[in-house]
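Below is one structure, written out as structure tokens; comments come after it.
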Amino acid sequence: MLAGEPVGWIGELHPRWQQKYELPRAPVMFELDVASMLPVALPVASAVPKFPEALRDVALWFDESVTLQGIYDVVGELAQGDPRLRCLRQFRLFDLYRPSVRASSKVEEVGATLC
């Protein structure tokens, strides 16, 4: 399918023809309408980056009053202004941790120890 229109088909050879030509297995056949695919641009190769992409998973703690948009705004400003963060290509929130009431005091103790 190309832009919602069929440009070919694929399938196995009919068993009758498989038997007639004594084929051990049914071959897979296909046909493509190449003319309909010519206007589509071919992918262009790009240079392999000198430094490979590095993915980082960073855990951050914020007060409940901090909004998600506020976090995105600050990270965007830092990524544009700080030369060390110009390589930042994507930032997304993927999880929100809220400790239970019993565990919250332990988390605060550990957090205070780590800070």
- Item | On Cα atoms only, tilt of 68-81 relative to the major axis of the chain in degrees | 90 degrees
- Task: Compute the distance in nm between two label points, each set 7 Å from the Cα along the Cα-to-Cβ direction, one at E5 and one at S46.
- Result: 3.0 nm
- Message: Once you place label points 7 Å from the Cα toward the Cβ at V28 and E64, how far apart are they in nm?
- Response: 5.6 nm
- Matching label, Cα extents along the principal axes in Å computed from the structure shown, candidates (i) 50, 30, 20; (ii) 80, 23, 18; (iii) 80, 39, 30: (iii)
- What residue among L55, L96, L23 shows peak mean-square fluctuation when the chain is described by a Gaussian network model with Cα springs under 10 Å? L23
- Query: So what's the back-of-envelope 222 nm ellipticity for the chain, counting only DSSP H runs of four-plus at -39500 (n - 2.57) apiece and dividing by all residues, rounded to 500?
  - Reply: -9500 deg cm²/dmol
- How much FRET efficiency would the formula 1/(1 + (r/R0)^6) give for S36 and R16, where r is the Cβ-Cβ distance and R0 is 30 Å, rounded to 0.05? 0.50
- Accessible area of the chain belonging to carbon and sulfur atoms, whole % at 1.4 Å probe: 60 percent
- Message: Rounding to the nearest 10 and keeping the result within 0 to 90°, find how far the Cα-based axis of helix 101-114 lies from the longest principal axis of the chain.
- Response: 80 degrees
- Among E77, E64, E31, determine the one that fluctuates most according to a GNM of the chain built with springs between C-alpha atoms less than 10 Å apart. E31
- Measuring from a point 7 Å past the Cα of A54 along Cα-to-C-beta, which residues in the range 71-98 have an amide N at less than 15 Å? 83-90
- Rounded accessible area per residue of the range 1-100, 1.4 Å, Å²: 100 Å²
- Item | Choice from G81, G70, G11 with maximal GNM fluctuation in the chain (Cα, 10 Å cutoff) | G11
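The values are calculated or read from the model by the stated rules, or taken from the named source; none is laboratory data. Keep in mind it's a predicted model, so treat the numbers as computed, not measured. Note: ideal-geometry Cβ built from the backbone for every residue, glycine included; neighbour counts use all protein chains shown. Just so you know, the surface numbers come from the protein's heavy atoms only, side chains and all, with ligands and any DNA or RNA stripped out. Shrake-Rupley method; radii C 1.70, N 1.55, O 1.52, S 1.80 Å.
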